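The values are calculated or read from the model by the stated rules, or taken from the named source; none is laboratory data. These numbers come from a predicted model, not from an experiment. Please note: Cβ atoms are built from the backbone with ideal geometry, for glycine as well, and neighbour counts cover all protein chains shown.
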Amino acid sequence: MQYQSEYLQRVYDSVVKRNPNEPEYLQAVSEVLTSFEPVVAKRPDLEKYGIVERIVEPERVIMFRVSWVDDSGKVQVNRGYRVQFNSAIGPYKGGLRFHPSVNLSIIKFLGFEQIFKNSLTTLPMGGGKGGCDFDPKGKSDNEIMRFCQSFMTELSKHIGADTDVPAGDIGVGAREIGYMFGQYKRLRNEFTGVLTGKGLTYGGSLTRKEATGYGLLYFTEEMLNCMKDDSISGKTIVVSGAGNVAIYAAEKATQLGGKVVALCDSTGYIYDPNGVNLDVVKQIKEVERARISEYVKRVSGAEYHDGCSGIWGIKCDVALPCATQNELDGESAKKLIANGVMAVAEGANMPCTPEAIEAFQSAGVLYAPGKASNAGGVAVSGLEMSQNSMRYSWSFEEVDAKLQGIMKSIFHAAFDAAKEYGVDGNIMAGANIAGFLKVADAMIAQGVAY
């Protein structure tokens, strides 16, 4: 990667040298530093205080063994992680991911992105992320419980309501959060808001399940309103994924007058030209925990196709990648552009490759990066933290209204920063800049620890 700024080039070269086998993390750093070119030109104090060097290096990386016993009595061993990246504006905040693909590079990329995402929400939260290479699929509830208890036994030494507040991510839903919270409570003998995404009976927040998907649509709607004088209403929409983010993005898109015609899981995708029936999808994915292919057995006129990449060949006005990192590549982007897509907004973390982003921006397609457009989940996690601190709870409508306000403010922060720093209309650059400057100013104010 080549930068105009000698300072940024030096920092990036150092990151590559220190982390040569971490492609996801290097991709995230490269994308973010590119946006900083106009900022470091205007702000020489950033180099003086070593802000960029410090922000690309985690404050703390924790790796640990997770030993647990499966239902056959055999001992299993997994590797757990927690990367506490930056606490300049608040306690570390970020999800836990349980998936076989989890490694240090992925956790660092997610934690790094989380710094800027959390900053954009306007809530006092630093950036962190964690997880394990454990696969919950095919495990019994008792196996999940034993694993979660073992995982939390170690993690509990490093987190707390005012230190680090994890949440859920891929593979970590209400069940896993419940088991981990119960273990933390036993170990620490305290009832505290140390995890978010909790059940409503023990400190959870209304709207948390819907938050990332709903927030994605609030952001997309505001982007369309302000940049195209348009709206979701009447648009054909393709959503990848079939988890919480995808399902509730589809739900809110439908409420706003759009028609969602496709969803996918890790095995393949469905296409329903009449508009996806979300009641059927929720039954399959949330109740039965089955494959999305079941949909075509229950809804006439729908199609199922093996593999996921084909979903981007479906003609649509708005594309919402909500599955996983790097799922939408340059070739898929070209297909979407050829079919007339007008906006792409990320519901997952870094689902578009650099080639795809370049293609969208070159074609004039509105592009919203995940650190801005999918910040609704962590925003409501922050609201859950507030409710826990107050020993209080807000109604669904109150939380939803706060979420909508936060997502609109995130869009305008990114839009305004892009304009101020000479990259008008580039929401990716604007989001990076707006999120970074708040953290950078806090780091400068707090000095350097010698």
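Checked against (1) closer than 21 Å to ILE232 by Cα; (2) crowded, with 22+ Cβ neighbours inside 10 Å, ILE314 passes all but condition (2). Give me a count of the residues in region 148-189 that are at pLDDT below 95 and in contact with a helix residue (DSSP H, G or I) (Cβ under 6 Å, 6 or more places away or on another chain). Total meeting the criteria: 1.
State whether one or more residues within region 48-57 are in a strand (DSSP E or B) and under 21 Å from GLU22 (Cβ atoms). Within region 48-57 (the criterion being in a strand (DSSP E or B) and under 21 Å from GLU22 (Cβ atoms)), the answer is no, since none of the residues qualifies. If the condition is being in contact with a Phe, Trp or Tyr (Cβ under 6 Å, 6 or more places away or on another chain) and not in a helix (DSSP H, G or I), then region 349-367 contributes only TYR367. If we scan region 392-413, do we find a residue that is at pLDDT below 95 and assigned to a helix (DSSP H, G or I)? No: region 392-413 contains no residue that is at pLDDT below 95 and assigned to a helix (DSSP H, G or I). In region 190-304, counting only helices (runs of 4 or more DSSP H) that sit wholly within it, the ones holding 2 or more residues that are of a type in the set (Ser, Thr, Tyr) and either modelled with pLDDT of 95 or more or not assigned by TED's automatic domain parsing to the domain that holds GLU346 (or both) span 208-228, 244-255.
Taking the listed residues SER150, SER140, SER240, the one that is hydroxyl-bearing (Ser, Thr, Tyr) and surrounded by fewer than 18 Cβ atoms within 10 Å (Cβ to Cβ) is SER140, with no other qualifying. Filtering SER309, SER300, SER386 for residues that are touching a strand residue (DSSP E or B) at 6+ places or on another chain (Cβ under 9 Å) and either under 30 Å from ALA161 (Cα atoms) or without any contact (Cβ under 8 Å) to a residue 24 or more places away in the chain (or both) leaves a single hit, SER309. In the condition set (1) loosely packed, with under 14 Cβ neighbours inside 10 Å; (2) within 20 Å of PHE109 (Cβ to Cβ); (3) not hydrophobic (A, V, I, L, M, F, W, C), TYR3 is compliant with all but (1).
Any residue at all in region 351-371 that is surrounded by fewer than 23 Cβ atoms within 10 Å (Cβ to Cβ) and at positive phi? Checked against the condition, which is being surrounded by fewer than 23 Cβ atoms within 10 Å (Cβ to Cβ) and at positive phi, region 351-371 yields at least one hit.
Among residues of region 331-357 that are among the charged types (D, E, K, R), those with a Cβ under 7 angstrom from a residue that is not in a helix (DSSP H, G or I), sequence gap 6+ or separate chain, pair up as GLU346/PRO321; GLU346/CYS352; GLU346/ALA368; GLU346/PRO369; GLU346/ASN374; GLU355/ASP329. Within region 389-418, being loosely packed, with under 13 Cβ neighbours inside 10 Å, of a type outside the set (A, V, I, L, M, F, W, C) and free of Cβ contacts under 8 Å to residues at least 24 places away in the same chain holds for ARG391, TYR392, GLU397.
Scanning region 415-428 for residues that are part of a helix (DSSP H, G or I) and either at pLDDT below 95 or in contact with a Lys or Arg (Cβ under 9 Å, 6 or more places away or on another chain) (or both) yields one hit, MET428. Within region 78-130, being aliphatic (A, V, I, L, M) and part of a helix (DSSP H, G or I) holds for LEU104, ILE106, ILE107, LEU110, ILE115, LEU120. For region 113-130, the set of residues classified as over 23 Å from SER30 (Cα atoms) and crowded, with 19+ Cβ neighbours inside 10 Å consists of LEU123, MET125, listed by residue number. Quick check, is VAL40 of a type in the set (A, V, I, L, M) and in a helix (DSSP H, G or I)? So VAL40 fits the description; yes.
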